[in-house]
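Okay, structure first, notes after.
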């Protein structure tokens, strides 16, 4: 290993192992298990200075000294740490420390100086006495008491001393724990901020110290009261120990001061945790702590000027505190208030003053030997005042909590932010024409409101309630605040709407300005969402409007064949119309093919558009006070639309135009049936009569009549279901719309209609259908009402005669088919041959209209006709009565229905089911 | 018939004619259905009522057979994504 710079000492040892001795290169023998001589190269001396380099650790044991300060950064802390360290041993020997209490040095000094954690056995009387002088006059009294105590009996003091020692010991232990925690906190704070303005701090320290002393006093007094309440060990009445009462009182006060200090320390900890981000608070706390620590230093090193400064400052503080308003809560609360310590509530000051006065008075009386009652009264008064103060603090605390609760979202979202968002949301809801944009909700709301008792006072079309969940139009019970919010929202909405309108007007003016004279249309709404052409020329308008496009196909997308067929039918219709108009007589006939499905549907869709427009127009009906012209214009528009509807309905086309008549074809679609009531709502009486006449005249052409036979089949096929649906639609819509006409019709009209029904139409087939039967029943009842004379008009005898003729004719036509009028009879024919008596569910309710019709018929029938009725329906009646009486029924309901049906008919005849005997 | 302002202008408008009518819809996944059309939109989403759906299940194999499964529903929303065709359905 010559390259190491060491002697090759291994040559001799490993010589025999080395095979090649003349090799100059060193042979590396790492990893070999035998000795390779490296260990000899290790230098293991010069260890003498290790302790100096690395520091003497001393005895290493398992008990870690938490109290020891490892980092000596600040002089004060170090000094205080040393002081504390030094304090530890003396405190362990409590009796010694306590003994020193009762020396000439006032015990208060100990407690006051160690206001947070330090308890110096070395009481500096000058410092302490100066502090005492700073406080209220009671301090002077305490001094006097101290002197008194010195002159008092030693034995009694010792006895009391032992008790107090125990108490103090416990308290000191508590103090120690708290002090440890606080010291750690302290160190953290101090390490965080190293250099501050020390002078300012010291001034502040002194101020705060004085304030803390005040707080301490107050807390002690409160604790005194608490102790008096809760602890059994009560202060013996003063008369028992007149001499030692004062020291005991003093002791209580000392304890209170201690506890006050504890609480103070706890408060500081809490504040630290809560307001760490606030430098100011941190500073204060640090200042507080360093103040406490530094307050020790002046004591240990009595520096006159410092104490004098403190005195002066404390005097100033007293003045300041008396002036400062009590706005903060007391020191007891751990509420996150920033500077609670520097500002004392007035009540606390008041309390302190009162208590101090009280104590003063007590002491004085002690000395003067006043009666017990007065002293008790004073104590009671003090307690009462303290309780009052506590109540007030409680109230203040609650108020502060409420404010904190209200402002808990501060800086997250201001009221203006919330309003902004509300406005955005509301603006989405706003629309110019709510009925067009949100038709179903509006109508639904209207329906619900009308059902809920017509509480639709203000027809606010923009129904926020519907979207917001508030009851539609109904007064909100618990929504005292809601009306205000709603009003606000409505105001906002109105503002938005008016702004939008103004904008539109502007746009209109603007567009007029820029696009005047252009043949085309511009978009109405703002089209920021999707960019559109400024001008949209409608190329798909009617062929005649544009000469260039007329020759082209009507529309690029629709095939020529279709367009041609359409145009042809259109041409035919036009020709028919023109023909009618020219001849002034609607009798010219242009025979057409029945409308194709496509044509029907197209017509119906157009009808729907017209109806929607009419309804929209109806809603926009101007008020009479808006002026004659506006009303006139509106009427014209309205009438034009209605005329268009009328034309589209094709009612005026001649009867024989096609089979079925176009109007009837339109009604063959369910859509057509449903739209009829909406259309006829706007027609006048004359048009309605025409419509009704046409309908009755072509009644048998209706799909429901021609397909009615399907309803008698028993199996549930889609076709049957379809017919059923159509029939239902017809009954509910078409009949509903013509009902009012018939009900008010005179005898002649009814006569004519019944005649139409029979003329050239299969009345039997009509009667076998539900709608037809309903219609017939309607006619009959109307005539009955007329006959009973409850109508305004007075029909002439000719009318009656005419009616009688009709009636007889009808009767005659229907007589052979009476049994077959019943669905039950018809359905029974479809039953399988081997089971002729299957009970079809619900058959009786199907039969009921038939019984009604027969009853109506019987009412007007002559006796001859009665006989015919009875004979033809005998089987049926007996059948029903028998099954009802013999119990061939499923349930009670069915039985009652059967009997009711039969009775309907029999009563009209003047008979009753009970008369039938089995 | 075509003269009114909002008439049929493109094939899509022909669906409009079938509103409230029974339509036949062919869907992806070998499905068909018939129902009464109540609403439609640009995506061809459909709202049908009284619907009967027919599903064809093809059995591959030597002899390819087709089984049919039907089901009925009262009210249905059909996503336009899967609609292949819509036609009249005359019972």
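Read the figures in this text as sums done on the coordinates, not as results from a lab. Since this is a predicted model, take the numbers as computed values, not measurements. Backbone-built Cβ (ideal geometry, glycine too); neighbour counts: all protein chains shown.
Remark: relative contact order (the stretch A:630-715) = 32 percent; criterion is Cα-Cα distance under 8 angstrom and separation of 6 or more residues.
Once C-alpha pairs closer than 8 Å and six or more residues apart are averaged by separation and normalised to the residue number of the stretch A:789-890, the relative contact order reads 27 percent.
If a/c stays under 1.5 just call it rounded; otherwise compare a/b with b/c (prolate if a/b is bigger, oblate if not). Do that for the stretch A:746-800, with a ≥ b ≥ c from the square roots of the Cα gyration tensor eigenvalues. In terms of gyration-tensor shape, oblate. The ranking of A:688, B:75 from fewest to most other beta carbons within 10 Å of each one's beta carbon is B:75, A:688.
Cβ crowding within 10 Å, taken as a proxy for footprinting-reagent exposure, orders A:738, A:843 from fewest neighbours to most as A:843, A:738. For peptide B:15-22, the mean count of partner chain Cβ atoms within 10 Å of a residue's Cβ comes to 6.
Hydrodynamic radius of the stretch A:843-918 by the Kirkwood approach over all distinct alpha-carbon pairs: 12.4 Å.
From Cα pairs below 8 angstrom and at least 6 apart in sequence, can you work out the relative contact order of chain B, rounded to a whole percent? Reported as a whole number, the value is 29 percent.
Neighbouring Cβ atoms from other chains, within 10 Å of the Cβ of residues in A:602-612, number 4 on average.
Residues A:64, A:420, A:683, A:800 in ascending order of nearby Cβ atoms (within 10 Å, fewest first): A:64, A:420, A:800, A:683.
Once you sort the root eigenvalues of the Cα gyration tensor of chain B as a ≥ b ≥ c, which label holds: rounded (a/c under 1.5), prolate (a/b larger than b/c) or oblate (the other case)? Since a/c reaches 1.5 and a/b is larger than b/c, the shape of chain B is classed as prolate.
Residue by residue along B:45-52, Cβ atoms of other protein chains within 10 Å of the local Cβ number 1 on average.
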